[in-house]
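Worksheet for the structure shown next.
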Amino acid sequence: MHNKKWQWWLTWRVIPILGISLLLYAADDVKMKLTDSAGVSEFAVQDSTGASVFRVNSDGNVTLGAWQGTNIAVANGGTGQATANAAFNALAPTQTGNAGKFLTTDATNTSWGTSVSGAIINLNASSNFATNINTGTSTGAVSIGNASATGISEQVGTGNYTLNGTTASNYTIGASTTTGTMTIGGTAQTGAITLGSSSGTQTLNLGTGAGASIVRIATGAGNNDITIGGGTVAAGNGVRIGIGKFTVNKSVAPTIGLNANTTATVAQILDAGVIGFAASAARTLTFPTAQGATGLVQALPGTPAVGDTFTFVVFNTGTFAVTLVAGAGGTIVNTNTISSTTGSRVVTCRVTGVTAGSETISIY
């Protein structure tokens, strides 16, 4: 009987109004096929009115009916929940004790990550990758911070910050109607700030608005080195001081009333800028050395170059003249005498050599 092929055919109308045909076919197995009066293969259950309440098509898909069973558990491929939010929570890591956290992954499993308070965003905090914000070709705006935010801060690490573009670009730091402070550079690190590039025309506007402006550059307690201007004498190259008052603060008080032969110090010339005599006999004022680590040239700000100049004032209220004497590395080019009683002279010094230990200046 095991290998015997057999089949039988039965057409049976259980209820004539339903028009159901039942086909049984056996060939080592039994198959059942139900069709409607139009010959469409399906299985249907009808209510007392003859309306279908449940239907399965020939592919085994339920085409009509409502789920009335128990929610399918996670272990069986479901969520065990009846709503979308509850279903998500069932699949996500536990919610308890994780308020304010965000969903993250270690490339294998999901977990909750802790966000940094204060709306701080770390871009490439631990990777050597470039982060691009709004790098498209169309017009766009990137806003960092808001009216009540603390601002933008860099902590730990080194890096370069570049504001540039292939076309004309405007960069605005601070608003036009509020009071704010822009600090560039840290309190304990060494760094360089470059405004403008090595080629092309660059315009840097500081405090050019209609309101009152306060611009402070290098006002810290450390050593400050400021270089303004380029390295050529082309027309238009230089520094222009517009309408208004211009002051230079000299923190060292001038030495006055001298009545003896005196060798000036670097501080008296560069930091005080004024030396006064009351000569009751012929006196001399000898320049400090221009050479070495303690000399005039290396005491100048930045990296001294040939052509750098500095000035100071010598006056005499006495009845005898005061004669200027050059120190090591110095050469007096102009007259070396400061006349008596009403004598006053602005002395200009020009750097003529910057070889370390052999610096030279000309005194006018």
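The values are calculated or read from the model by the stated rules, or taken from the named source; none is laboratory data. Just so you know, these numbers come straight off a predicted model, no measurement behind them. Cβ placement follows ideal geometry from the backbone for every residue including glycine, while neighbour counts extend to all protein chains displayed.
Before moving on, here are some points about what is shown:
- Across the range 50-99, the qualifying residues are those that are small (G, A, S) and farther than 25 Å from W112 by Cα, and the one among them that is farthest from the chain's Cα centre (by Cα) is G50.
- Considering only residues in the range 288-330 that are in contact with a helix residue (DSSP H, G or I) (Cβ under 8 Å, 6 or more places away or on another chain) and surrounded by 18 or more Cβ atoms within 10 Å (Cβ to Cβ), the one that is farthest from I361 (Cα to Cα) turns out to be F312.
- Identity of the residue in the range 340-362, closer than 16 Å to T284 by Cα and among the hydroxyl-bearing types (S, T, Y), that ends up modelled with the highest pLDDT: S344
- Selection from the range 21-61 of residues that are modelled with pLDDT of 80 or more and among the basic types (K, R): R55
- Odd one out for A260 among (1) touching a residue at least 24 places away in the same chain (Cβ under 8 Å); (2) over 41 Å from the mean Cα position of the chain (by Cα): (1)
- Breaking point among (1) more than 21 Å from T227 (Cα to Cα); (2) out of contact with any strand residue (DSSP E or B) (no Cβ under 6 Å at 6 or more places or on another chain); (3) surrounded by fewer than 13 Cβ atoms within 10 Å (Cβ to Cβ); (4) not aromatic (F, W, Y), for V346: (2)
- Every residue from the range 349-364 that is exposed (fewer than 13 other Cβ atoms within 10 Å of the Cβ) and not polar (S, T, N, Q): A356, G357
- Test result for N71, in a loop (DSSP other than H, G, I, E, B) and either in contact with a strand residue (DSSP E or B) (Cβ under 8 Å, 6 or more places away or on another chain) or modelled with pLDDT under 50 (or both): no
- Restricting the range 334-363 to residues that are in a strand (DSSP E or B) and hydrophobic (A, V, I, L, M, F, W, C), the residue that is farthest from I256 (Cα to Cα): V351
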